[in-house]
Amino acid sequence: MAVVTGANKGIGLEIVHQLAKEGITVVLTARDATRGKEALESLKSQGLHTVNFHPLDVASQESVLALAEWLHKTYGGIDILVNNAGILNLDKDVTFETVKPVLDTNYFGVKNVTKALLPLLRDDTPGGARVIVVASRFGQLKHLKNKDYVKTLSDREHLTEDFVDSFVNHYLKDVVDGSQKEGGWPNWTDWVNSPYGRSVETYSVSKVAVIAYVSALHNTLVTQLGSGKKINVFSCTPGFVATDFTNNRGTKTVEEGADTPVWWWSKDTVAVVTGANKGIGLEIVRQLAKEGITVVLTARDETRGKEALESLKRQELHNVNFHPLDVASQESIRKLAEWLHKTYGGIDILINNAGISSLHKDTTFENVKLVLDTNYFGVKNVTKALLPLLRDNTPGGARVVVVASTGGQLKHLESKDYVKTLSDREHLTEDFVDSFANHYLKDVANGSQKERDWPIWSDWVNSRHGRCAEDYTVSKVAVNAYVSALHNILVAQPGREKKINVFSCCPGHVATDINENTGVKTVEEGADTPVWLALHSPEGGSGKFWKEREVLDF
């Protein structure tokens, strides 16, 4: 559950939009109740019904306390506070009357809202509750001329709230006295090319103060809570975003500006990636680890898996662990599930990447069974074993992502009966998908694939892999269908439809060992959609097949 201040337009509204798309309940706040309600209606018209509105003037203590009381009564507690509200006075002259509203909003407003809502932040939020302050690069210390302040503010580990208050009040006093330049504050010459002129001085001071307050608050929390892990507090810059605030002069979109503030994941978020010692799987691990997520890299070959782990550690990615996993072995899957439960208690993300292609020109029962045991039954068995470990309190719901292929689209099947049944994704069942895969295995054993309208070698006459593409195609048709079947099972369970999201996706024709490096895409490009689905879980996308962040027909 998240609260966003100053959210009726611009970056604030987009932060609400992105959080709501994750399935998170969001309270949109704004000083102007009419505009706030209009923003709420615009989100609801996009199908985002997890958003509520409450008025909030961050510069009014009465308004702040009214919000806190309502949140406690309505939700009991919150998990995320995003302090986005901020103003920039466009008057060219810096006077006490123009400066005080900026500081009351951008600094004291942030501080007062945070202090009022701090008691409502929940102790059981995965990874700890979060307080995020949308600041600015104008709040960097390089804009201050006062060396004493720069020195003290640079010592972030020892900053206190009282000191930051005194810093702000000193600026206010110097404004009254007209002695900003002598006091070493930012002055108009810093912004001679700015369309805002001297108004940026006050904005800069307010952002220096609020960034310093984040450090001071962190220090207080660490002292009070011992570990400092229960509540995490961050400041961030959205970049130079084109909004009313900048007279639309910015170079970034609001979507780009909202990206950093809406991160829901942390080092306590746990992801498991199968088949991850090389290729797309290893790149998925790398990208998730770069986001600060704890990742379990799994691989059938323990030596190669540990080598992959060491390669990541050399890149300073120390939040990755390794555990062996043969997805075709129930015993291996059981051991992984037990270890995960013992080590982490639960997980948030499962990416089923493990897959093989036989690369034999002849389709034999032995070769086909190995492909299906890995690409379909392996995915199913790993998912079923880890499903109980997927956490109920993952923001937006836990995620299961299956790396499939466009080779698994139904256009590659000749059987009209199978195409008809598999096309009805809303009614697919796991039993039917099992029977589909086992029917193919039976026909392979009997040598009757062609008569039964399975994909045949003529479909792949230009393929370097010859008939081996037949079993690969059937396995990917099956796993795409299983994703829909699993989604249907989850939706059918009362109250569970939004807690676990499941996706299949095609990484594209990536140059890896599985295709003898004949692909046209890099592993970085191939990992993009699986990682995006795992992190952003697009609303309404569960149970569907994706490629390049777009839904494809199955």
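Take 393-404, 173-184 and order them by the average number of nearby Cβ atoms within 10 Å per residue, most first; the result is 393-404, 173-184. Most tightly packed first, judged by the mean number of other beta-carbon atoms within 10 Å of their residues, the peptides 97-108, 45-56 read 97-108, 45-56.
So for region 1-127, taking the charge dipole from beta-carbon charges (+1 Lys/Arg, -1 Asp/Glu), which of 11, 102, 112 sits furthest toward the positive end? Highest projection toward the positive end goes to 11. The coefficient of translational diffusion for region 29-109, derived via Stokes-Einstein from the alpha carbon Kirkwood radius under 25 °C and 0.890 mPa s, stands at 169 µm²/s.
In terms of packing, defined here as the mean over residues of other Cβ atoms within 10 angstrom, the peptides 282-291, 474-483, 23-32, 205-214 line up highest first as 474-483, 205-214, 282-291, 23-32. The alpha-carbon of residue 21 sits under 18 angstrom from the alpha-carbons of these lysines, leaving out residues fewer than 8 places away in its chain: 9, 44, 498, 499, 544. Straight-line cross-link partners of residue 142 among the aspartates and glutamates, defined as a Cα under 16 Å from its Cα and at least 8 positions apart when in the same chain: 155, 190, 201. Which aspartates and glutamates have a Cα less than 17 Å from the Cα of residue 335, not counting those fewer than 8 places away in the same chain? Correct list for residue 335: 301, 302, 326. Residues whose amide H falls under 5 Å from that of residue 401, counting only those 5 or more places apart or on a different chain, are 350, 351, 352, 503, with hydrogens built in the peptide plane. For the residue pairs 230/342; 151/207; 230/267; 306/384, the C-alpha atoms sit more than 19 angstrom apart in 230/342; 306/384.
To the nearest ten degrees, helix 33-44 and the longest principal axis of the Cα atoms of the chain are 10 degrees apart. Karplus-based coupling profile of region 178-186, in residue order and whole Hz: x, 10, 4, 5, 5, x, x, 7, x, with θ = phi - 60° in 6.51 cos²θ - 1.76 cosθ + 1.60 and x standing for Gly or Pro. Step through the table entries 252/278; 145/252; 278/521, compare each Cα-Cα distance with 24 Å, and write down the pairs that go over it. Too far apart for the 24 Å limit: 252/278; 145/252. Helix content alone sets the calculated 222 nm mean residue ellipticity of the chain: runs of n ≥ 4 DSSP H residues at -39500 (n - 2.57) each, divided across all residues, give -13000 deg cm²/dmol. Amide H to amide H, with H built 1.01 Å from N, residue 25 comes under 5 Å of 2, counting only residues 5 or more places away or on other chains. Using Stokes-Einstein with the Kirkwood hydrodynamic radius over Cα pairs, what translational diffusion coefficient do you get for the chain at 10 °C and a viscosity of 1.306 mPa s, in µm²/s rounded to a whole number? Using the Kirkwood radius from Cα pairs, D works out to 61 µm²/s.
Region 15-74: percent of C-alpha pairs farther apart than 19 Å?
31
The value obtained for region 502-554, namely the Cα convex hull volume divided by the number of residues, is 79 Å³ per residue. When DSSP beta bridges are restricted to pairs lying wholly in the chain, around 5% turn out antiparallel. When only Cα pairs below 8 angstrom with a gap of at least 6 residues are kept, the chain shows a relative contact order of 12 percent. Region 372-411 gives an Rg/Rh value of 1.08, both radii derived from C-alpha positions and Rh following Kirkwood. Using just the C-alpha positions of region 293-422 as equal point scatterers, what log10 of I(q)/I(0) does the Debye formula give at each q in 0.17 1/Å? The calculated log intensity ratios at q = 0.17 Å⁻¹ are -1.04.
Quick note: the coordinates plus some simple rules give every number you see, no bench work behind them. Everything numeric here is computed off the predicted structure, so don't read it as measured data. Ideal geometry is used to build each Cβ from the backbone, glycine not excepted, and the neighbour counts take in all protein chains shown.
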